[in-house]
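Heads up, the thing below is written out as structure tokens.
The values are calculated or read from the model by the stated rules, or taken from the named source; none is laboratory data. Worth saying up front: this structure is predicted, and the values here are computed from it rather than measured. No Cβ is skipped: glycine too gets one built from the backbone with ideal geometry, and neighbour counts run over all protein chains shown.
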Amino acid sequence: MSFNLTARVAVVTGGSSGIGLETVRLLLAEGAKVAWCGRNPARLAESERLMREAFPAGQMLSLCCDVLDRGQVEAFAAQVREAFGGVDCLINNAGQGRVSSFAETADEDWLAEAELKLFSVINPVRAFQPMLEASDCASITNVNSLLALQPEPHMIATSAARAGLLNLSHSLSHEFAARGIRVNSILLGMVESGQWRRRFEDRSDKSMDWDSWIAAIAAKRGIPLGRLGKPEEPARALVFLASPLASFTTGAALDVSGGFNRHL
Ligand code: NDP
């Protein structure tokens, strides 16, 4: 079954690594025209090199852009309009989590976390909204975390900010329904990607290799499916929600956590 995205235009924020890069890959495989961004120029260039190698005929655009800088996001949107003429799917993926308890979280950390989780969505939504309104199958899909519903004390600021983003996504789905734009989220558990690679580099027990380190985390945390997710798994959920296949779904939050969800 196809996602019906051939020749549609998709934008992925934070597309240079992990879940975002796998989402870009799947969208290109589906024949979509894809624009993505990230801050680090070398990482972005490498992601584009990989995608051009995999999809020589693919229509793609990668641009350096910090989603927290409204001017940069507006410039990104202008370049996408120039290259592709419009946008059908906006996937807000850029970001990272913050590991800290209440005692370890300073006021500026709270503000930074709230800014990251909310404005990483608000800025792109504002910049791409006119193009989305002109599409006949518009969607916004936000990467969120299970922490929004199931907070963890060791990620207190991220959990609270994620709850705010879930609330914002739901409100947007109602306000934007009349404009023909669907708004959905995915709620992630733990997914192998750049963030976990960096935590692995900082691990206390350097004798553990990647596979045993990951397996130990899954066992310790009690993930029912017994492992962390692979980045291509949330990518499939994102592309489904973004696509016309999900045409009657808006305001939804799809769990992609391997069963880590403890509530009904
Ligand atoms: P990665 O670190 O592999 O990828 C993050 C991507 O976002 C990179 O391309 C990064 O590029 C980009 N990025 C980060 N901040 C910005 C910014 N301000 N502006 C533009 N681009 C940015 O992580 P994941 O793939 O794991 O994470 C993807 C999303 O999923 C994030 O929002 C993360 O918080 C969320 N998530 C991930 C979980 C997991 O277990 N992996 C769990 C819960 C949520 P660059 O640094 O060059 O800007």
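Would you mention how many residues in the stretch 155-171 are surrounded by fewer than 20 Cβ atoms within 10 Å (Cβ to Cβ) and over 12 Å from N144 (Cβ atoms)? Residues in the stretch 155-171 being surrounded by fewer than 20 Cβ atoms within 10 Å (Cβ to Cβ) and over 12 Å from N144 (Cβ atoms): 2 in total. For residues in the stretch 25-61 being touching a Ser or Thr at 6+ places or on another chain (Cβ under 8 Å) and under 18 Å from R197 (Cβ atoms), which is farthest from the ligand (Cβ to nearest atom)? Residue satisfying both the conditions and the ranking: E46.
Conditions tested, residue by residue: (1) under 25 Å from R8 (Cα atoms); (2) in contact with a strand residue (DSSP E or B) (Cβ under 6 Å, 6 or more places away or on another chain).
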| residue | (1), (2) |
| --- | --- |
| Q59 | yes, yes |
| C64 | yes, no |
| V67 | yes, yes |
| A75 | yes, no |
| R81 | yes, no |
| E104 | no, no |
| D109 | no, no |
| A112 | no, no |
| L116 | no, no |
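Considering G38, G31, the condition of being at pLDDT 95 or above and either among the polar types (S, T, N, Q) or in contact with a Cys (Cβ under 8 Å, 6 or more places away or on another chain) (or both) is satisfied by G38 alone. Checking the stated criteria, A163 turns out to be assigned by TED's automatic domain parsing to the domain that holds L111 and on the phi < 0 side of the Ramachandran plot. Scanning the stretch 147-159 for residues that are outside any loop (DSSP other than H, G, I, E, B) and away from the ligand (no atom under 13 Å from the Cβ) yields a single hit, I156.
Of all residues in the stretch 160-211, those satisfying the criterion of being in a strand (DSSP E or B), among the hydrophobic types (A, V, I, L, M, F, W, C) and more than 16 Å from the ligand (Cβ to nearest atom) are I181, V183.
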